[in-house]
Amino acid sequence: MSKVITVRRTPLLGATALLTAGALGLGLAQSASAADVSRFGGSDRIATGLEVYTQNRAVFTSDTVVLAGTNGFADALTASPLAAHLKAPVVTTGPKALDARVLDTLKAQGVKHVVVVGGLGAVSASAVSTLKSAGMTTERLGGETRYETARVIAARVITARGGAKLPVFVADGTGYADALAAGAPASKQGGVILLSRTGAMDATTEAMIKDEASKVVAVGGGASRAMDAAEITATKISGVNRYETAALLAQTYYAAPASVVLASGADYGDAVAGSPLAAGTGVPLLLTPPTGLPDSVKKYLAATKPNIAVLGGVASIPTTVATNAEAVADSGDVTATTPAPSPTATPTGTATTSPSGTSTTSPSGTSTTSSTGTPSSSSTSGTGTTDASPSASSSSSSSSSSSSAQ
């Protein structure tokens, strides 16, 4: 039955096996007849990202990482397709210096090359100097604005894929939620992510769409309105809020995934690492507020019954929400709130002790073990959004300082 790992710290099944098996079509949920639920969470967003990286080396197989700043969302999220192409994670650091935990991890994992996304306001020259002093090569992909940085990152992907036109997924650059959810499907389609303004096209984005797009997908209400304003033909995927938009993306591009990544839609900090994890394993990323699992997410989980990798600590996604997701995925019932109890039996020939203390031999059977870890809350920034917040509308992070200038 399901193993609920509150915070994954030790190898068990974990999201590595869970997600890679899903990507390979092994169908762990089907074979186990229940969803496996695992959680990645650290003491803060930097720690969570490093946890995702180090515990998923079967996914992130290259000696390259993508490095973004913690003080903005745009650069990190538009880099997800690039990270997936490079088979690399996205890790983050503070804007002034390289976090010591990041340096230690990169050295321990044998990283040789670091792709820095964003300008000096996101990842400082000092941080890059520290990387070089540790023997790593670096390259920086950045522009004067978040829209220009997205274009530079997309151009890097296009070049790496041979220069042909690619699918372009466009999300509102004034919020993080739609770009976050777009990362996995954009990667699955071999595409890139560009950013619009709310209801209007950025000139940089519009020019690249006209020159480089084989097709355009507008994700969320803001991007959809921007396509209309610019008279650009696009497939529009937009729900009544960010949670439904993410679920609609999953329905459109992942009809029957064996696994999903579940991240907070109320803050982008932990979820930054989840987008490349989902992209690298070929599974969708769903969003939830900390207050409760949205109906749109419940319906998708009930229909697909996948394994679930939860991103962030219990402050981002409380245990009650993770348990609710497990129950729905286990049962296929959107009203389920508690997972079914795990059936237990004793393996063939195993000696057991009866209530009277007499040693007996049990019938044929198997035993199961559930493992739990120590909860760890992840730090969040800004005021969280609720399930009623519009998709790609003004969110808590729209006012955060971007890693690229506005």
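None of the figures in this text is laboratory data; all of them are computed from the coordinates on show. Given the structure is predicted, the values throughout are model-derived calculations rather than measurements. Because the Cβ atoms are built from the backbone with ideal geometry, glycine has one as well, and the counts that use them run over all protein chains shown.
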Task: Relative contact order computed over region 96-250 (Cα-Cα under 8 Å; 6+ residues apart), in percent - done: 18 percent
Task: Antiparallel bridge percentage (DSSP; both residues within region 169-305; nearest 5) - done: 5 percent
Open item on the list: Test of understanding: what is the full-extension gain from residue 144 to residue 112, defined as 0.36 nm times their sequence separation minus their Cα-Cα distance?
Closed with: 8.8 nm
Task: Difference of contour (0.36 nm per residue) and Cα-Cα distance, residue 233 to residue 129 - done: 33.0 nm
Task: Dipole magnitude (debye, nearest 20) for region 67-130, charges at Cβ of Lys, Arg, Asp, Glu - done: 140 debye
TODO: Could you sort 105-111, 189-195 so that the peptide with the highest average Cβ count within 10 Å comes first and the rest follow in order?
DONE: 189-195, 105-111
TODO: Enumerate the residues in region 143-170 having an amide nitrogen under 15 Å from the point lying 7 Å beyond the Cα of residue 214 toward its Cβ.
DONE: 157-169
- [ ] Apply the Karplus parameterisation 6.51 cos²θ - 1.76 cosθ + 1.60, with θ equal to phi minus 60°, to every residue of region 187-195 and state each ³J(HN,Hα) to the nearest whole Hz, in sequence, with x for glycine and proline.
- [x] 5, 4, 8, x, x, 9, 10, 10, 10
- [ ] Only loop residues by DSSP count here, and only those with at most 14 other Cβ atoms within 10 Å; note down the GluC sites (Glu not before Pro) in region 109-190 that meet that.
- [x] 144
Open item on the list: Can you give me the long-range amide H partners of residue 200? Hydrogens built in the peptide plane at 1.01 Å from N, cutoff under 5 Å, separation of 5 or more residues or another chain.
Closed with: 226
TODO: Given a cut-off of 26 Å, name the pairs among 87/107; 188/210; 132/165; 165/236 whose C-alpha atoms lie farther apart than that in the structure shown.
DONE: 132/165
- [ ] May I ask you to derive the FRET efficiency for residue 295 and residue 61 from their Cβ-Cβ distance with R0 = 45 Å, giving the value to the nearest 0.05?
- [x] 0.75
Open item on the list: What does the net charge come to around residue 94 if you take all other residues with beta carbon closer than 12 Å to its beta carbon, with K and R at +1 and D and E at -1?
Closed with: +1
Open item on the list: If I take R0 = 25 Å and measure r between the Cβ atoms of residue 333 and residue 255 in this structure, what FRET efficiency does the formula 1/(1 + (r/R0)^6) give, to the nearest 0.05?
Closed with: 0.80
TODO: Note the full-extension length gain between residue 164 and residue 137 as 0.36 nm times their separation in residues minus their Cα-Cα distance, in nm to one decimal.
DONE: 7.0 nm
- [ ] With a point put 7 Å past each Cα toward its Cβ, work out how far residue 207 is from residue 303 in nm, to one decimal.
- [x] 4.0 nm
Open item on the list: If packing is taken as the average count of other Cβ atoms within 10 Å, what order do 286-294, 317-325 fall into, highest mean first?
Closed with: 286-294, 317-325
- [ ] Positive end of the charge dipole of region 142-301 (Lys, Arg +1 and Asp, Glu -1 on Cβ, about the Cα centre): tell me which of 198, 149, 167 has its Cα farthest that way.
- [x] 167
Task: Cα-based radius of gyration of region 135-206 once divided by 2.2 N^0.38 Å, which approximates compact folds - done: 1.13
